[in-house]
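Coordinate-derived values only; no laboratory data. Quick caveat, the model's predicted, so the values are computed rather than measured. Here the Cβ positions follow ideal geometry from the backbone for every residue, glycine too, while neighbour counts run over all protein chains shown.
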Amino acid sequence: MNIIEKLKQALPGNVTKEPAGAVIGEKEIAKAAEILQEYKAGKTNLESRIIDNEQWWKLRNNEYVEGKKETKASAWLFNSITAKHADAMDNIPTCNLLPREQGDSEAAQMLSTIVPVVFERNHYERTYSSVWDDKLKFGTGITGVFWDTSLSDGLGDINIKQIDILNVFWEPGVTDIQMSRNFFHCELMDNDLLEQKYPQMQGHTGQSMVDIAKYIYDDAVKTEDKSVVVDWYYKKMRGTVTVLHYVKFCNGVVLYASENDPNYAEKGWYSHGKYPFVFDPMFRAKGTPCGFGIIDVEKENQEQIDDLDTAIVTNAKLATQRRFFIRADGMINEKEYADFTKPFVHYSGSGNPKDAVMPIDMPVLPNVYVQILNNKVQELKETSGTNDFSRGSTTSGVTAASAIAALQEASSKTSRDMLKQTYSAYEEIVALVIELIREFYTTPRTFRIIGDNAAEKYVSFSNARIKPQMRFVGGGMQQAEYKPIFDINVKAQKQSPFSRISQNELAVQFYGMGVFSPNQADMALPMLEMMEFEGKDSIIEAVRKNAMVPQLIELLVQLAPIVESEHPEMGGLTQSVAPLLQQFGVNIPTVAAQTPKFETNPLGEAVESSKNNLTNKAADRAAEMASVM
């Protein structure tokens, strides 16, 4: 039974009637609306800054400022933001899940392949890009992680989407939204669709209880036929457990309340007990979960650049357009004088016409002002961390990809710092996704997994392996509830083009240096141990294996006469050497060991044949070589 059907049963024919025993009613909604207005008042300055920053992003910052309408808006700040956004898109995160207990290793391996598919189905790359837009422009990007019952043909699935910072409200003064007593998410909805989806809204649309701040749009956006729908999240303590509850209301009408639903009244809306929103601030500030972005830091510098740029361009225009003083009684034909295509200019009267005309000399700005402008531009680029090196361009003629990658690495400290904060927020998003899988994946879901060699396979997964379960503890004497917990390891999903080219160049250099040559393994291994690069462990393992090839060849050459003469009795040698050869794809037939031959020593004692002893020695040597490596 969906939410609408429950509401229809709870409110038969009377939209103002509350269900019997309802915890959330008109009184609670009125109180929530008051709290929402209080939270909104505490966010006024932030909203004004966000709306202003959006105008700076669109290069419209001067259009609405008195006296600035003629000022030319340059795009240096815009370029800095897009450069940082490009860095973020080159390092889209992905995750690998590690179990905290050995028994959960299989579930962790399955989740490591399934969670990226969940993100892919949600088109997370698009969401990630939008969140980074907000992070760079406004100082904070917000991601919401919800369970949507309308997805997967009504089966329900996880919905990950970007949240507009103007539409959310929290307790003023908190730095972590999870510490806020309440959290509100507001959204405009067409009145006709609202009445169609929630029949109890008939006659209750119109003037909303809360006014959402709006951006300055280029298009004419009408909101008269819309109403504000509020998603109200709040927490309650039930014993020692924090329970999250959820209410959807509009204009004082309860559309849904988890405390009024017997299925959620005790356990809460989400079992994880957290607000399903993750904030990713850029430059943090005290007393708020939000930060401030590049525009907030650089807008004053950009404004000075615009003023200088406009002044220089205006002076250049005036200097190239000649102007003259002309006496009123000079009797000079002004139209002909101003038209440089006219070969003759007529005048009447006597006297020298030059006495009636005087050119206006425009002062030329000294070069120091151009230098000041260039210094301001350089200041903006340096303080925003988007200098030439970070963008992959240099003025010294560096063209090698490895050199450019090294320069980028050295100049991208701010980008790496921002990415680390984003990766921390991504861990929270993945944790929420895992908790929703744990709670709602009661029916097995099928996922298509693409392996390392582009091989496809299909796996089925449900929450049976990760949901809370009873396990024996205390030496197996008693049972207690156990919930598998996973550590989230975040890494970049992609590399920048220069990083990939640099990696390829490094491989070519290794090949040219003979690192992969078996004869140079002794020198190559210490060098590789000192270096740091992607895939270092696999390269070291390959060089170590290559180092064993000459020893194997030498061993086989030494054993060739023995193999030829004592082939039937070489079972011991085969057992020692075969595993060593199999690492290189060389297989020799295993010969069953026969009864060893004996001979009499000088004391008359029966001992094993000396040939067999030689074989054993060779086998021991092979085993010794293998153990050394």
(request) Please sort 420-432, 258-270 by packing, taking for each peptide the average over its residues of neighbouring beta carbons within 10 angstrom, highest first. (result) 420-432, 258-270
(message) Apply the a/c threshold of 1.5 to the C-alpha gyration tensor of segment 114-212 and tell me whether it is rounded, prolate or oblate.
(response) oblate
(message) Which entries of Lys135/Lys536; Lys381/Lys413; Lys135/Lys197 have Cα-Cα distances beyond 23 Å here?
(response) Lys135/Lys536; Lys135/Lys197
(request) Please give the peptides 294-301, 194-201, 335-342 ranked by average Cβ packing (other Cβ atoms within 10 Å per residue), highest first, as a rough proxy for protection. (result) 294-301, 194-201, 335-342
(request) Compute the length gained on full extension between Ser130 and Lys236: take 0.36 nm times their separation in residues and subtract their Cα-Cα distance, giving the result in nm to one decimal. (result) 34.9 nm
(message) Going by average Cβ density within 10 Å per residue, which order do the peptides 274-281, 220-227 take, highest to lowest?
(response) 274-281, 220-227
(request) Compute the Cα gyration tensor for segment 213-293, then decide on rounded, prolate or oblate, letting a ≥ b ≥ c be the square roots of its eigenvalues: rounded whenever a/c is under 1.5, prolate when a/b is larger than b/c in the other cases, and oblate in all that remain. (result) oblate
(message) Can you tell me how segment 105-162 classifies by the Cα gyration tensor, rounded, prolate or oblate, using a/c under 1.5 as the rounded cut?
(response) oblate
(request) For Arg322 paired with Lys222, estimate the spin-label separation in nm (one decimal), with each label point 7 Å from Cα along the Cα-to-Cβ line. (result) 5.8 nm
(request) Would you please name the trypsin sites (Lys or Arg not before Pro) within segment 29-101 that are DSSP coil residues with at most 16 other C-beta atoms within 10 Å of their C-beta? (result) Lys58, Arg60, Lys68, Lys69, Lys72, Arg100
(request) Express in whole angstrom the spacing between the alpha-carbon centres of segment 148-178 and segment 268-316. (result) 22 Å
(request) Work through the residues other than Ile360 whose Cβ is under 13 Å from its Cβ and net out their charges, Lys, Arg +1 and Asp, Glu -1. (result) +1
(request) Sum up the charges of everything whose Cβ sits under 12 Å from the Cβ of Ile305, counting Lys and Arg as +1 and Asp and Glu as -1, but leave Ile305 out. (result) -3
(request) Obtain the nm distance between the two label points defined at Thr383 and Phe344 by a simple spin-label model: each point lies 7 Å from its Cα along the Cα-to-C-beta direction. (result) 6.3 nm
(message) Less than 13 Å Cβ to Cβ from Val278, Lys/Arg counted +1 and Asp/Glu -1: what total charge do the surrounding residues give?
(response) -3
